[in-house]
Amino acid sequence: MSDSPMRLLAGALRQNGLVRFIEHFNKLFPNSRSHLKDLVVDRMRPNRVMEVEGRTVVNFGSDSFLGLDQDPRVLEAIKSGVETWGAHNGASRAFSSVRANTDAEDKLAAWLGTEATLIYPSVTLANMGAIPGLVGKQDLLVVDEQAHNSIQEGAKIAKANGVRVITFSHCDPRGLKKVLDEAGEYRVAVVAIDGVYSMTGELPPLAELNEVALARRAVLYVDDAHGTGVIGAKGRGTVLDALGSYDNTLVIGSLSKGFSCAGGFIGCTHEFKRLLKMRSNTYIFGGPVVPPYLEAVCVVCDILESGEYDLLRARLDRNLAQFANGLKNMGLVVSGGVTPIVSVLVGDEEDTLNGGQFLFEKGYYVQSVTFPAVPYHAGVLRIQVNANHLTESITGLLNAMKALQGAIKLPTAMTAAPPRLAA
Ligand SMILES: Cc1ncc(COP(=O)(O)O)c(C=O)c1O
């Protein structure tokens, strides 16, 4: 019997390099408990405790940095939003928006300090809609080589539309200058970067990149998904903190991480909001963030604008300082720490997965991140510190990491090659 098209398709997919790489590790780690991917969480408890795969562990893998996912006011806004709007408004925003959507956009803009914001269903969809929408055939799109996957995917769509797309070396203003100087003629350029590199917690040199961009007719497009709510005054993010204005920047923020709601947004002028509504296919042809979550976004804006933000931030800073100081004493190769993301270099892929499993067995879930999310052989244990972690949980994780040092040879500042995380 000849193979069916379905079987042929699956066979073809299994030839893919990345699929072969992942399947190799699936064989080495045959159940999800030891592989620590595709985990199923059965229950979330207070203070980042969760029940997963029959075990109670402390979750150090949450992007809800401020702990607002369990805030009673946020939960109440979602509940009353369901009563007001139902589960879904059932239309693309190209036709209509609910009042909660325009309220959330206005509140976001007032908090962020931009004229306007435009909400998308996610940051991924913002990048995949706005990036190709912003540039045309006479323009240039320049992308940091390590920009988030969703920026790279947006750039692929732009390229397929005939836009010239060039990458520049990671976080390198001189690299950016070189590619812009050598690019020849262009009408205008957009330079797309992350505001926080989410696998390493590293920040780009925004002021220098902006100086290069400004001098060469280029606008910065900064995906600040991981900076939203946690960097700068009132958590307004990396751009305002580093540049003091949005004059040459389109800033993209997340509503799913520090905000603990759902969605993404672009902070911009009224003019760009109007233009992006016309030019973003993911906005026009897709559905919106569901209304109850937009009510929650309004509540989170109020919290960030209030004096309470400083208390939340102080709790997060205290936890982050405790963790960072503890790590420093171990001599490990660590990146991040300016934001609540801290990455500890392991290197080898198998060691990285084993390291995550070791900590899990001790009662702490951290993310084992391997290629392709980081360069090959630059695997890291990625730890997200949250405001609602307990001091004893952080002490416990540090003790578990000390035990891990005895079980797996982790690179130290003395033994490691220069950190390859930003290679
Ligand atoms: C820089 C960056 N952009 C986009 C995303 C994806 O965001 P979303 O889940 O809203 O699509 C992430 C996720 O971690 C990210 O780090």
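Read-outs: derived from the displayed coordinates by stated rules, not from any lab. Because the structure is predicted, anything quoted here is derived from the model rather than measured. Note: ideal-geometry Cβ built from the backbone for every residue, glycine included; neighbour counts use all protein chains shown.
Within a Cβ distance under 15 Å of A12, other residues only, what is the Lys/Arg minus Asp/Glu net charge?
Taking every other residue near A12 into account, the sum is +1.
Which percent of the Cα-Cα distances in the range 24-153 go past 27 Å?
48
Restricting to DSSP H runs of at least four residues, report the calculated mean residue ellipticity at 222 nm for the chain, -39500 (n - 2.57) per run over all residues, nearest 500 deg cm²/dmol.
Calculated at 222 nm, the ellipticity per residue is -13000 deg cm²/dmol.
Report the extension gain between R217 and A373 in nm, rounded to one decimal, defined as 0.36 nm multiplied by the number of residues separating them, less their alpha carbon distance.
Here the segment from R217 to A373 would lengthen by 53.0 nm.
If you take all C-alpha pairs in the range 70-305, what percent of them are over 28 Å apart?
Taking all Cα-Cα pairs of the range 70-305, the fraction more than 28 Å apart is 28 percent.
For the peptides 260-268, 405-413, 229-237, what is the packing order when you average, over each peptide's residues, the other Cβ atoms within 10 Å and list the highest mean first?
Final packing ranking: 260-268, 229-237, 405-413.
If each of A314 and K178 carries a label point 7 Å out from its Cα toward its Cβ, how far apart are those two points in nm?
Computed distance between label sites A314 and K178 equals 4.7 nm.
For the range 204-294, what is the Kirkwood estimate of the hydrodynamic radius, computed as the reciprocal of the mean inverse distance between distinct Cα atoms, to one decimal in Å?
Evaluated on the range 204-294, it is 14.2 Å.
Determine which lysines satisfy two conditions relative to K159: a Cα distance under 29 Å, and not lying fewer than 8 residues away in the same chain.
Result set, ordered by chain and number: K137, K177, K178, K273, K277.
Report the gain in length on full extension from E350 to A321: 0.36 nm times residue separation, minus Cα-Cα distance, nm rounded to one decimal.
7.5 nm
Quick one: which residues, 5 or more positions from E53 or on another chain, have an amide H under 5 Å from its amide H? H modelled 1.01 Å from N in the peptide plane, none for Pro or chain starts.
Excluding prolines and chain starts, which carry no amide H, the hits are V40, D42.
What size of dipole, in debye to the nearest 20, comes out for the range 134-244 about its Cα centre when the only charges are +1 on Lys and Arg C-beta atoms and -1 on Asp and Glu C-beta atoms?
360
Take each of the peptides 380-386, 212-218, 354-360, 5-11, average the number of other beta-carbon atoms within 10 Å over its residues, and list them starting from the highest.
Highest to lowest by the protection proxy: 380-386, 354-360, 212-218, 5-11.
Size of the chain along its principal axes in angstrom, Cα-based, largest extent first?
Extents along the principal axes, in whole Å: 59, 57, 50.
So how far apart, in nm, are the two label points at S80 and R55 if each is 7 Å from Cα heading toward Cβ?
4.1
Which residue, V196, V366, V165, has the most motion in a Gaussian network model of the chain that connects Cα atoms within less than 10 Å?
In this elastic network of the chain, the residue with the biggest mean-square fluctuation among V196, V366, V165 is V165.
Straight-line reach from K362: which lysines fall under 27 Å, measuring Cα to Cα and dropping same-chain residues less than 8 apart?
Reachable lysines: K27, K37, K257, K328, K402, K409.
Taking K and R as +1 and D and E as -1, what net charge do the other residues with C-beta under 12 Å from the C-beta of L404 add up to?
Result for the neighbourhood of L404: +1.
What percent of all Cα-Cα pairs in the range 348-416 falls in each 5 Å bin, counting up from 0?
4, 16, 26, 25, 17, 10, 3
On the first, second and third principal axes, largest extent first, how far apart are the outermost C-alpha atoms of the range 329-371 in Å?
Its Cα atoms span 27, 23, 20 Å along the three principal axes.
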